[in-house]
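One structure below.
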Amino acid sequence: MTVNMYYSYQIHAMHGIYSLLLNSCRLFQQYLVDAYGYIELSRLEFYEQNQGQLRSAFVSGIYDAISHGDTESRSIGKRVLLPPSFVGGPRYMYSHYQDALSICREYGNPQYFITFTCNVGWPEITRYMNSHHQSDVSSRADIISRVFSMKVHAFITYLKSDKTFGPVSTYLYTIEFQKRGLPHCHVLIWVEDSHKIKDPSTIDNYITAELPDLISEATLYGIVTRYLLHGPCGLLNSKAPCMKDGNCKKKFPKSFLSATVFDKDGYAHYKRNSVFVHKLPNGIEIDNRYIVSYNKRLCCRFNAHINMEYCGWNMMIKYLFKYVSKGMERVRFVINKDVQCCQPSTSAEGMVVNEIKNYIDGHFLCPHEAAWRILDYPIHERDPPVVILPVHLPNIQSFFLKKIPVLNRLLRIRALVVVCC
């Protein structure tokens, strides 16, 4: 934590003092990535050097090893663990996935899934950049992270106080970072039973997938056409990034519908009339089939890309929770010159599963995530909290392998008894 506080101090501007570091543009981005990489590696090194306090197995596994005459205790619980206390690790995210399922068992299915994306055009960011005579917003990932953290807090507070969708009974959110984009927040909202959706037409009061009126809703029209237009893709642009095998991965353009309906799986298809058309600067005309679903009140309030989806169906709840808790971007590949090198190793060392090394090799780190983690902002929050109870089946309680020599001696004694008998 001391190292984290040191770098957090370094990336804060000081009144009346010129900082060469904060004015280094892309070099500052590299500094953020290197700084947090050092912090993360120091934390992982601690876990790697204290595996004796983390390595564990079930008691039944110890009994089975002894009964089968296994005299090598190294094979029991054999792996390098990355525990769930490490923020952002696979076990950490999986624990939050289980917490989400626990909330779902208590409160039922969530009603709304919201994706709230940062907007570098917010006046807070623009005002800061102008006051410091800087024009490259992308080079100040620290300011983007600080402002977005405040916006996320204000967003959750507004959902609870304004009761946009009714009284909020519980919520959870996760912060994610795009490879070359901006941070965004995935939010799941549960509302009281009195405000749950029971009829498809009720969704139109909260979710819209059409262009607003240019005259009566001029401000909202500008927000929607700036942030909530998908593509163009399909026949209008076959080379769009979302295109794969001739089709849009996001299934745009959508179909025109005169009213919101539920399909046989309970998925909502929003109303999209064929009346309104928006003309892009390049001359392409966009209609309601390319509009991302949104909530008018939230978009006007926060002036950002806020995608709204109704998720009250039953088939996709586990997928939705896994999507929210899937963790950061990870890429892993190996280049081998010799084909024989690709064969699985049969040595004792090759059988070790090193979760720490797998995390380091596959973790992608961007400047926005580095700044967010250096400033020690949470990447996950939920309300109410979930408490894990120490309940287990017979002989399935955890047994920590702290004293390996003693366990070796126990196994050897057991083996001698078996041989003597």
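Annotations for the structure displayed:
- Of all positions in segment 189-203, at least one carries a residue that is acidic (Asp, Glu), in contact with a strand residue (DSSP E or B) (Cβ under 6 Å, 6 or more places away or on another chain) and open to solvent by less than 90 Å² (accessible area, probe 1.4 Å).
- Residue that is modelled with the lowest pLDDT [pool: residues in segment 297-325 that are touching a helix residue (DSSP H, G or I) at 6+ places or on another chain (Cβ under 7 Å) and open to solvent by 80 Å² or more (accessible area, probe 1.4 Å)]: Lys322
- Inter-residue pairs, beta-carbon under 7 Å, first part of a loop (DSSP other than H, G, I, E, B) and in segment 233-260, second hydroxyl-bearing (Ser, Thr, Tyr), 6+ apart: Phe252/Tyr290; Pro253/Tyr290; Phe256/Ser274; Ala259/Ser201; Thr260/Ser201; Thr260/Tyr270
The values are calculated or read from the model by the stated rules, or taken from the named source; none is laboratory data. All values derive from a computational prediction rather than experimental measurement. Here the Cβ is made from the backbone with ideal geometry for all residues, glycine too, and neighbour counts use every protein chain on show. In case anyone asks, the SASA skips ligands and DNA or RNA and just uses the protein heavy atoms, side chains included. Shrake-Rupley method; radii C 1.70, N 1.55, O 1.52, S 1.80 Å.
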